[in-house]
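Down below is the structure, laid out as structure tokens.
The values are calculated or read from the model by the stated rules, or taken from the named source; none is laboratory data. Everything numeric in this text was worked out from a predicted model, so none of it was measured. Here the Cβ is made from the backbone with ideal geometry for all residues, glycine too, and neighbour counts use every protein chain on show. Side chains are part of the model used for accessible areas, which takes the heavy atoms of the whole protein and leaves out ligands, DNA and RNA. Shrake-Rupley method; radii C 1.70, N 1.55, O 1.52, S 1.80 Å.
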Amino acid sequence: MTAATNNIPQSKLTTTMVSFMIAISMIMALWSIFLTFKMDPANIATVNAAWDHPVSPAVDMRDVAEGGNMKTVDSDHAVNTASARTTDGVLNDQHTGMGEQADPQMDEQQEQQHDRPILFPKPEPAQRYFSLKNVTETGVDVSDPQLYLGEDLHGDSSTATVMGMATKYPLMVFHRFVGSLRKSGFKGNIILGVGPDTRPHIINYLKSRNVIVKTFEWVKCEYEEGSAGSKAFAKIDTCISPFNDIKSRWSRYPLQKMWLEECETCTGPVLTIDVRDTYFQLDPFGPGSPKVEGLQVFEEHKKQTTSHWMVNKPIRICKNTTHEGTMLCSGSTIGTRKAMLKYFEVMYEEMKVWIKVAKCRFDIDGDDQTMHNHLYYSGQLPFATPIAYRAGGIIITLGSAARVYTDKKNTYYQNTLKMNPIKAHAMPFFNATEDRWLGPKDLIDDEGYFVEYDGSRSRVVHQFDRFGFALDHWLNRKGFSSDYGSERQKG
């Protein structure tokens, strides 16, 4: 021993050694507990549940681009397609911290982590923390046990129904929506509501694809006139008969209820979805499709929550409450025939309250999504089940996730290469190829089709337009945007 060590009393050396050994033992014990926790499936689910509700980024979900273009007055939550695409990520709020890195390779790695569940498996939908009601606040009875029943078509979609509203759209939109649906093998009913000014060649195309065309009529609104300068509540001929007691954008709910009741062959499950920004990769109710039980409401990306202003603020003002949960998209819903009819009824009755109560009247587009989320999170849709993003459901809703990719790409080209916003939006994604148009990311497969977390192809793609021209080019090359009798190119 050294002289310095010899000067230390033996008792002090012993105490120091004992303390050191105790510290080592505690570290080993903590490490053992950590490994046990990490491998426990219950704890994994707990961690994932916590990760599923982070702070929502500042995102304008509807991607509304004014630009002097006429807004379509159908159910699709957008305006002129070209304008919405060229201004995506420019007029709308940016994700916090997105697009600040100058190195696209760093962006690639971060985006891969954004999509891929590397550490933990995808959790099951969280248990509801609110009480379920048998009667809604508007008096609609939702206690019927048959609303919860499921229906398995065993891959035969002939009794299923796909519904939507479509006005002021060019033929290409119908080719993409109806054409991709029929080419997927879908054998069931397609019901589309169109305006009285729809061009004859569009009507002829729809009928050639066995679409049930419902032409509605514009009438004068009957509800109380709104404030000066109000567009949504102005007393002009912008309501739809016979439901001129609510805003035209809301009328798709009671209209589709009426049309579904009229359809004698629509006995199977029903999909109601936006037309402009949807295409079909597989038959939604074809071979391998999941069983439809009750009503299915679809979650957006887990980072998009009900704290978004479009849901949080109107509910807080109108209902004096708030909700915590993943955002549910009102632009796409699936259910059995019975469950869907009840859902349409509940929505319509709720809308009649919002239109009559002064504090509940908001001069905004998309407040049907506000009501959709409120009804679910307040327990008034007890027969509804939320389907998580990319978790194997029939629909994948891409709006929030698309913003992550497009914002980074556009900001990089604008800040680093000094491009104007329109040119930056038209540029390809980093490391993209002809088929892998999004680059080496697991949101798509090697052929460019969107996939679920397990790698299987998504059936119905909603809000695809947020990806801009890169996806447009792929859709055109694969034949999704035309339906002149030729089969879609495979592979």
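Could you grab me the full set of residues in region 319-343 that are assigned to a helix (DSSP H, G or I), within 19 Å of the chain's Cα centre (by Cα) and of a type in the set (A, V, I, L, M, F, W, C)?
Scanning region 319-343 gives a single hit, MET340.
Checking the conditions here, which among LEU153, LEU192 is over 26 Å from SER251 (Cα atoms), among the aliphatic types (A, V, I, L, M) and outside any helix (DSSP H, G or I)?
Just one listed residue meets the conditions, LEU153.
Can you tell me how many residues in region 290-304 are over 16 Å from ARG390 (Cα atoms), open to solvent by less than 10 Å² (accessible area, probe 1.4 Å) and in a strand (DSSP E or B)?
Residues meeting the conditions: 2.
With the requirement that a residue be open to solvent by 10 Å² or more (accessible area, probe 1.4 Å) and part of a helix (DSSP H, G or I), what does region 356-375 give you?
Of everything in region 356-375, those that are open to solvent by 10 Å² or more (accessible area, probe 1.4 Å) and part of a helix (DSSP H, G or I) turn out to be LYS356, ALA358, LYS359.
So GLU349 fits all but one of (1) part of a helix (DSSP H, G or I); (2) modelled with pLDDT under 95; what number is the exception?
(2)
Quick check on my filter: what residues within region 136-166 are touching a strand residue (DSSP E or B) at 6+ places or on another chain (Cβ under 6 Å) and surrounded by fewer than 22 Cβ atoms within 10 Å (Cβ to Cβ)?
ASP141, GLY150, GLU151
Can you tell me how many residues in region 386-396 are of a type in the set (Ser, Thr, Tyr) and farther than 11 Å from LEU328 by Cα?
So the count comes out to 0.
Give the residues of region 448-464 that are open to solvent by less than 50 Å² (accessible area, probe 1.4 Å) and in a strand (DSSP E or B), sorted by residue number.
Result: PHE450, VAL451, VAL460, VAL461, HIS462.
If you go through region 212-227 one residue at a time, do you hit one that is over 22 Å from PRO242 (Cα atoms), among the hydrophobic types (A, V, I, L, M, F, W, C) and either modelled with pLDDT of 95 or more or part of a loop (DSSP other than H, G, I, E, B) (or both)?
No, because not a single residue in region 212-227 is over 22 Å from PRO242 (Cα atoms), among the hydrophobic types (A, V, I, L, M, F, W, C) and either modelled with pLDDT of 95 or more or part of a loop (DSSP other than H, G, I, E, B) (or both).
Does THR397 meet the test of being more than 21 Å from GLY185 (Cβ to Cβ), touching a Cys at 6+ places or on another chain (Cβ under 6 Å) and of a type in the set (Ser, Thr, Tyr)?
The answer is yes for THR397.
For (1) open to solvent by 50 Å² or more (accessible area, probe 1.4 Å); (2) not in a strand (DSSP E or B); (3) not hydrophobic (A, V, I, L, M, F, W, C), each residue gets a yes or a no:
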residue: PRO386; (1), (2), (3): no, no, yes
residue: ALA391; (1), (2), (3): yes, yes, no
residue: ALA402; (1), (2), (3): no, yes, no
residue: TYR412; (1), (2), (3): no, yes, yes
residue: LYS423; (1), (2), (3): yes, yes, yes
residue: PRO428; (1), (2), (3): yes, yes, yes
residue: LEU438; (1), (2), (3): no, yes, no
residue: ASP446; (1), (2), (3): yes, yes, yes
residue: ARG466; (1), (2), (3): no, yes, yes
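Need pairs with beta-carbon distance below 6 Å; first residue over 17 Å from ASP465 (Cβ atoms) and touching a residue at least 24 places away in the same chain (Cβ under 8 Å) and within region 404-428, second open to solvent by less than 10 Å² (accessible area, probe 1.4 Å) and aromatic (Phe, Trp, Tyr); sequence gap 6+ or separate chains.
Listed pairs, sorted by first residue: none to list.
Please find, among ASN312, ASN320, the residue that is surrounded by fewer than 18 Cβ atoms within 10 Å (Cβ to Cβ) and without any contact (Cβ under 8 Å) to a residue 24 or more places away in the chain.
Only one candidate qualifies: ASN320.
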